[in-house]
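Accompanying notes for the structure given below.
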Amino acid sequence: MIGLVTNKRGITIATREADCTPIILYDPVQNVIGNVHSGWRGTLKKISQKAIHMLQKEYQCKVEDIICCIGPCIGKCHFEVDEDVQELFKQTFPHNLEYIQKTQMKEGKQKYHIDIEALNIEVLLEAGIKRRNIESCGICTVCHANQIHSFRATKENSGRNATLIGLK
Ligand SMILES: [Zn+2]
């Protein structure tokens, strides 16, 4: 879980992920950028809202001007969790239970699939970001592990994807 914001030109800010959700922010009016690594813990803590609040407070950005792009992350097809983790999501997102799905039993344990990309969109909307200003690539890192690094797919052999944004 990490977030960076700046209005300095000539600097590229980067986060690294392998299944976690990268979210880049850009306000073309105030010329401010942000880059957030929103893993499942970061999503529960709504880290992207903290970055948005920083843009508003420190850089006088208007929330309706901020553009958000969500990069490749683990999809609902592959983000499988146990009872304890799904309970945390249920508590944090009681109005978005459609993104938390009960699936099969494995070795006597109930499993759940979570749509972390959709929940990250909800977190952005809750902060006041306009739906038309949210772009999401919809690419699951595990499904595309031959092209993109995925920790779930290749475990400790996994590299990291870099998400970059900079102001000219
Ligand atoms: Zn997948």
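Throughout, read-outs are computed from the coordinates displayed, never taken from laboratory work. Not measured: the values here are computed from a predicted model. Neighbour counts run over all protein chains shown; Cβ positions are idealised from the backbone, glycine included.
Points worth noting:
- Lysine pairs meeting the criterion (Cα under 18 Å, 8 or more apart or interchain), as found in the range 36-90: 5
- Within the chain, the ratio Rg/Rh, alpha carbon atoms throughout and Rh by Kirkwood, equals 0.99.
- Calculated mean residue ellipticity at 222 nm for the chain: -7000 deg cm²/dmol, from DSSP H runs with n ≥ 4 weighted as -39500 (n - 2.57), summed, divided by the residue count and rounded to 500.
- Farthest positive-ward along the range 66-162 dipole, Cα basis, beta-carbon charges - from His113, Ser136, Asn96: Ser136
- Between the helical axis of 83-92 and the longest alpha-carbon principal axis of the chain there is an angle of about 40 degrees.
- With a simple spin-label model that places each label point 7 Å from the Cα along the Cα-to-Cβ direction, the separation between Ala14 and Arg131 comes to 3.6 nm.
- Rounded to 10°, Cα long-axis angle of helix 116-126 versus longest principal axis of the chain: 40
- Unpartnered cysteines - no second Cys beta carbon under 4.7 Å - across the chain: Cys20, Cys61, Cys68, Cys69, Cys73, Cys77, Cys137
- Dipole magnitude (debye, nearest 20) for the chain, charges at Cβ of Lys, Arg, Asp, Glu: 400
- The angle between the Cα long axis of helix 47-59 and the longest principal axis of the Cα atoms of the chain comes to about 10 degrees, rounded to the nearest 10.
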